[in-house]
Amino acid sequence: MGQATRTTKLLLDLGKRDQGGANTDKQAALTATVEVLNRARAFYIHFFLAHPDKLAERVSYFSEKHQEGRERLISPNELLTWAEALTVSTRSHPHPLPSYNFSDQFPEFPFIYRRSVIKDAIGKARSYLSHLTNWKASGKNKGQPGLPGATNHPTLYDEAFRLDLDGTDLRPNPRTCFARLKIYTGTAWEWQNYPVNLNRYFEARWRDPAWENQSPKLILRKHSAALHFPQVKEVKAKKVKESKGDPHLVTVAVDLNVKNLAVITVRQDGRIIETAFVTDHGLDRHRYGHLKCIAKKQWQSGTPVKGEHSNQQIWRHVRRMNEDAADKVARIIADVCAKYPGCVLLFERLRKIKPTGRSKSARMNRRQANQLRGKINHSSKDKTYAVCNTVTVEVNPHGTSQYCSRCGAKGERFSHRGGKRITEKWGKLFFCPVCHYVANADFNASVNVHRSFYREWHWKLRDKPPRHRLLESQP
Ligand SMILES: [Zn+2]
């Protein structure tokens, strides 16, 4: 049993007032809410960092399972109760610590927000402390972890948020709908209605019975605000060990590259039954152009100013192109997997294509290409797991692109340029000197990924050709 997750976004309408958008007061209130929550988070991070021993406290308890007394780390819920008792004044604890009097500094702070902030602070403080211990143990001078930041997107739990999509008939316009949020106006905490941009995609995802909705996060940006709903689904998937016992198991192998973003091959009973090439449609070239422009600008403007990010718009454009490409490739891979229920998806453990190159822009481009491959890998895993319950396996990438997928001999790569055949390391085509097999190099690598999964020793010369000859399908 596993769990798949996804995020469904709902935009708050911050458009013009006469077109149904939220007014400026409400927009300012959102900013004020995020800001006051950040301050509260900073308060608790400071509080927990001042009590590092408490975070590491061991609690003894009686284990029903083992029928004996045991010790464990103090849980976040226990820490929360402890922190509230010390910082919040209640009837049973009228006098909180004078230096950490939360009730005094944040009057009438809703308890649900306070709890979410404390939980956040516990996570941040613990992570900082463990990084710090690791850094001290490593004995390095560089790389001291910085103090944790207090900013985060607020989580809206049930008591601070309401979204009612069922009163549809009462609305004057079926697309008008409101989300009720508990927000801080700068002086007091109030419930306010915010118009949302409802659409049928959101409604379909929100109402999908297979997915369980969790508390949304408020993502506030410069010109937009949105609610991000995490959704989870229970997934029943076979263990890979069980799948491997199936003699007619279908495996889907993906080789990730730069120009061919993904080469997908499907294998059953030792035969390749489907092949798909996903090219980048000139993305690499396009990105290279932008990076060249950035490199030139950086060269012209000299030493960069510390703490200032240059060429933000181009970087954003590049990032978005990468994300978009990754999503599209992941969708194609998921569609292939959906055709073969019960299949196993194979990736190579990502090896880095070294960012060495002729120029700075070429190096930057290579780095971006590596990022993109990581993104494709990541989102394909998530998508195939959620859509068709496919389990992903990462296989050993040893030699997949160097050995012949037909006979196992070490081959060479070459390209045709100007009608001549040139042997080079990054050639597009693969040639086997033993069996004279010629194929697209990425296709050859993709077929070898299957062999790596089945432990067929693809780097050893096979005396006889395999019983089922691999189908030499070429685009
Ligand atoms: Zn060969």
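The values are calculated or read from the model by the stated rules, or taken from the named source; none is laboratory data. Given the structure is predicted, the values throughout are model-derived calculations rather than measurements. Neighbour counts run over all protein chains shown; Cβ positions are idealised from the backbone, glycine included. These accessible areas exclude ligands, DNA and RNA; they are computed on the full protein's heavy atoms, side chains included. Shrake-Rupley method; radii C 1.70, N 1.55, O 1.52, S 1.80 Å.
Points to keep in mind about this one:
- Scanning the stretch 340-362 for residues that are free of Cβ contacts under 8 Å to residues at least 40 places away in the same chain and loosely packed, with under 14 Cβ neighbours inside 10 Å turns up 352, 354, 356, 357, 358.
- Only a single item in (1) within 25 Å of residue 254 (Cβ to Cβ); (2) open to solvent by 90 Å² or more (accessible area, probe 1.4 Å) is not met by residue 322, and it is number (2).
- Among the residues listed as 357, 419, 411, 342, the single one being modelled with pLDDT under 90 and either within 16 Å of the ligand (Cβ to nearest atom) or acidic (Asp, Glu) (or both): 411
- Test: residue in the stretch 202-219 that is hydroxyl-bearing (Ser, Thr, Tyr) and within 28 Å of residue 339 (Cα to Cα): no
- Qualifying residue in the stretch 229-247 (condition: of a type in the set (Phe, Trp, Tyr) and more than 17 Å from residue 347 (Cα to Cα)): yes
- Enumeration of residues in the stretch 284-293 that are touching a Lys or Arg at 6+ places or on another chain (Cβ under 9 Å) and not charged (D, E, K, R): 291
- Looking at 311, 370, 365, just one residue is buried (at least 20 other Cβ atoms within 10 Å of the Cβ), over 30 Å from residue 249 (Cα atoms) and at pLDDT below 95, and that residue is 365.
- Restricting the stretch 394-408 to residues that are open to solvent by 30 Å² or more (accessible area, probe 1.4 Å) and assigned to a strand (DSSP E or B), the residue that is farthest from the ligand (Cβ to nearest atom): 394
- Members of the stretch 428-443 that are surrounded by fewer than 18 Cβ atoms within 10 Å (Cβ to Cβ), farther than 25 Å from residue 356 by Cα and more than 9 Å from the ligand (Cβ to nearest atom): 438
- Neighbours by Cβ (under 8 Å, 6+ apart or cross-chain): first from the stretch 203-219, open to solvent by less than 60 Å² (accessible area, probe 1.4 Å); second among the aliphatic types (A, V, I, L, M) and in a loop (DSSP other than H, G, I, E, B): 203/165; 206/165; 215/156; 216/156; 218/156
- Checked against (1) modelled with pLDDT under 90; (2) open to solvent by less than 70 Å² (accessible area, probe 1.4 Å), residue 239 passes all but a single condition, namely (2).
- Candidates 378, 317, filtered to the one that is assigned to a helix (DSSP H, G or I), open to solvent by 40 Å² or more (accessible area, probe 1.4 Å) and within 17 Å of residue 292 (Cβ to Cβ): 317
- Number of the exception - residue 425 against (1) free of Cβ contacts under 8 Å to residues at least 12 places away in the same chain; (2) away from the ligand (no atom under 16 Å from the Cβ); (3) assigned to a loop (DSSP other than H, G, I, E, B): (1)
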